[in-house]
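To keep things clear, I will list the structure first and then write my remarks on it.
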Amino acid sequence: MKLVFAGTPEVAVPALDALIASGRHEVAAVVTRPDAPAGRGRRLVASPVAERAEEAGIEVLKPAKPRDPDFLERLREIAPDCCPVVAYGALLPRVALDVPARGWVNLHFSLLPAWRGAAPVQHALMAGDEITGASTFLIEEGLDSGPVYGTVTETVRPTDTSGDLLTRLAFAGAGLLAATMDGIEDGSLEAVPQPGEGVTLAPKITVEDARVDWTAPALRVDRVVRGCTPAPGAWTTFRGERLKLVQAVPLPDRSDLAPGQLAAGKNNVYVGTGSHAVELLWVQAQGKKPMRAADWARGARITEGELVGD
């Protein structure tokens, strides 16, 4: 088939690579978000997908909105059979959905109908899911509600951050998307409607969602820290300033600390929760680089009984 691939961040690059490498289909163009300011200089930088497409000599389309007339005209000129999508980052209007004969097929990082929305991996981790995965489905105007072509499953590991899990799903999902294109092309795959039961939503994680509640059990604190790493980053407050929590682990055998109470030893920093303590391994103070929690505690000269989250 002739394909137009839509995607923007680094997590979409493995899928683009898989389609380019398959040799069975032609990736005629890539659609991605416009260049965005990045770094201290805030200079405009192309998306990871745009950079990869340019390296491969593929035409890159960067509409401000996917309903822009010039973009739609070019899409019709290319006349793709199908448009695979991975984390494109913009809502596709009906006028765009109608262009490819076999529709737009999205790779979504959950086992649909679970975790429809922008942050499925973060929500799966924060909810304590033991199994997650990726799905390919035909895009319709509802939120991730279209019929499903295929899935792959992935075990959630006890120490996974959302970054760890998303990286594995990006590569597993790349193979699934390539296989889905093959199955659509040869007629061996048919999309199956999603069940009406088991629908959960995964809206974008806000900064406030990432604030740790120390009265919650240690297991919940652990899930929030891992689910919000690397973005938007779990955090608390200390002496009136924000403290980012980069890595922490629950300690089931210590329960002598009140919620939010700090205890700093020579090489360890502990915080009480609503159940047992957690050990802070890496933190990032406001305006500083990430550092070992013990080094941060020595520099801060924590006194007995001090709290985080005050």
**Item:** Single residue of segment 28-44 satisfying the filter (open to solvent by 20 Å² or more (accessible area, probe 1.4 Å) and part of a strand (DSSP E or B)) that is nearest to Ala179 (Cα to Cα)
**Value:** Ala28
**Request:** Give just the number: which of (1) in contact with an Asp or Glu (Cβ under 9 Å, 6 or more places away or on another chain); (2) on the phi > 0 side of the Ramachandran plot does Gly39 not satisfy?
**Result:** (1)
**Prompt:** Regarding Asp164, is this residue open to solvent by 10 Å² or more (accessible area, probe 1.4 Å) and of a type in the set (Asp, Glu)?
**Reply:** yes
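Might you check whether a residue that is open to solvent by 50 Å² or more (accessible area, probe 1.4 Å), out of contact with any strand residue (DSSP E or B) (no Cβ under 6 Å at 6 or more places or on another chain) and either modelled with pLDDT of 95 or more or of a type in the set (A, V, I, L, M) (or both) occurs anywhere in segment 10-19?
Yes; the residues of segment 10-19 include at least one that is open to solvent by 50 Å² or more (accessible area, probe 1.4 Å), out of contact with any strand residue (DSSP E or B) (no Cβ under 6 Å at 6 or more places or on another chain) and either modelled with pLDDT of 95 or more or of a type in the set (A, V, I, L, M) (or both).
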**Fill in**
Only one of (1) in contact with a strand residue (DSSP E or B) (Cβ under 9 Å, 6 or more places away or on another chain); (2) within 30 Å of Leu3 (Cα to Cα); (3) touching a residue at least 40 places away in the same chain (Cβ under 8 Å); (4) surrounded by 17 or more Cβ atoms within 10 Å (Cβ to Cβ) does not apply to Ala218, and that is (2)
**Prompt:** Right, Gly150: part of a strand (DSSP E or B) and open to solvent by less than 30 Å² (accessible area, probe 1.4 Å) or not?
**Reply:** yes
**Prompt:** For segment 56-81, what are the residues that are within 24 Å of the chain's Cα centre (by Cα) and crowded, with 19+ Cβ neighbours inside 10 Å?
**Reply:** Leu61, Pro63, Pro66
**Request:** Answer yes or no as to whether Val49 is closer than 21 Å to Pro93 by Cβ, at pLDDT 95 or above and either within 22 Å of the chain's Cα centre (by Cα) or surrounded by fewer than 19 Cβ atoms within 10 Å (Cβ to Cβ) (or both).
**Result:** yes
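The values are calculated or read from the model by the stated rules, or taken from the named source; none is laboratory data. Model, not experiment: these values are computed from the prediction. When we count neighbours, we look across all protein chains shown, and the Cβ atoms used for this are built from the backbone with ideal geometry, even at glycine. Heavy atoms of the whole protein, side chains included, go into the accessibility calculation; ligands, DNA and RNA do not. Shrake-Rupley method; radii C 1.70, N 1.55, O 1.52, S 1.80 Å.
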